[in-house]
Amino acid sequence: MKKVLALILAVVMIAAMASLAACSVSVTTDEAADDAADAADASGTTYIIYSDNAFAPFEYLDEESGAYVGVDMDIMAAVAADQGISYEMHNEGFDASMGAVQSGQADAMIAGMTITDERRETFDFSEAYFEDGVVIVVKPGSDITSLEDLKGKTVACKTSTVGGEYGESIKDEYDFEISYFEGSDTMYQAVVTGSADACIEDFSVIGWAIESEGVELSVITEPTNVKGYGFAVKKGENAELLEKFDTGLSNIKASGEYDKILAKYGY
């Protein structure tokens with residue numbers, strides 16, 4: 001498991017290093033969040049940003065502080081501090097975030113959202129800020145050790161995700177049924193309790209759940225369908241915010257802050 005995790009994270013970091021300069025900053029992520037709150041956007045606009053509420057390590061509730069933390073939260077704070085963006089973060093869930101952006105209730109979302117051609121029909125995306133692939137996950141000791149073993153089984157997927165799209169694309173070939181869940185945590189629990197035989201999840205996310213949260217599951221396939229995560233706005237709207245995100249992302253990569261954020265979560 002750890003060897004596979006190290007392999008894909010190496011791919012991610014090589015991609016990130018292509019745009020990094022060899023320098024560092026002394027501002028911590030917490031300080032960046034404070035700076036973002038103080039440095040209001042020049043236009044006086046406070047943007048409404050939506051995100052998921054259970055997609056560790058990208059966004060999850062820290063029970064000790066009562067605040068949502070994670071890679072996405074820290075990247076957004078660092079970009080906002082760099083660009084002087086004032087924003088409010090709402091951790092309402094993945095489906096809710098997409099709906100809020102599409103309806104105009106939110107200006108943008110950052111929620112480990114994979115950039116796909118289908119999603120580009122309704123969203124405009126930033127440059128990718130992370131790359132990941134999907135894997136098949138089972139209980140330890142399961143007799144499922146390959147895609148072929150999924151025949152006649154029930155596979156759990158999270159709604160409106162690339163994992164679900166991947167499952168739909170292979171379910172007829174491998175003859176399995178799909179059961180959908182709103183959150184990663186409930187999807188994992190379905191596999192742990194046996195109400196589903198396997199699930200499909202982003203590799204870095206299930207890797208975190210297994211290694212850091214003690215979720216008793218095992219990855220049985222190599223990551224596939226590797227794509228980038230992007231900050232998203234409604235298609236044709238909020239172009240200025242999108243440009244600022246891209247500029248800020250480039251700047252925090254060049255400064256070394258991006259590397260610090262990923263390292264904080266083991267990447």
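A single entry from Glu127, Glu148 fulfils the requirement of being surrounded by fewer than 23 Cβ atoms within 10 Å (Cβ to Cβ), charged (D, E, K, R) and under 26 Å from Ile75 (Cβ atoms): Glu127. Can you find a residue in region 70-84 that is polar (S, T, N, Q), modelled with pLDDT under 95 and out of contact with any His (no Cβ under 8 Å at 6 or more places or on another chain)? No, region 70-84 contains no residue that is polar (S, T, N, Q), modelled with pLDDT under 95 and out of contact with any His (no Cβ under 8 Å at 6 or more places or on another chain). Scanning region 132-169 for residues that are part of a strand (DSSP E or B) and within 17 Å of Phe181 (Cβ to Cβ) gives Val134, Val135, Ile136, Val137, Val138, Thr154, Val155, Ala156, Cys157, Lys158.
The values are calculated or read from the model by the stated rules, or taken from the named source; none is laboratory data. Just so you know, these numbers come straight off a predicted model, no measurement behind them. Every residue, glycine among them, receives a Cβ derived from its backbone with ideal geometry; neighbour counts consider all protein chains shown.
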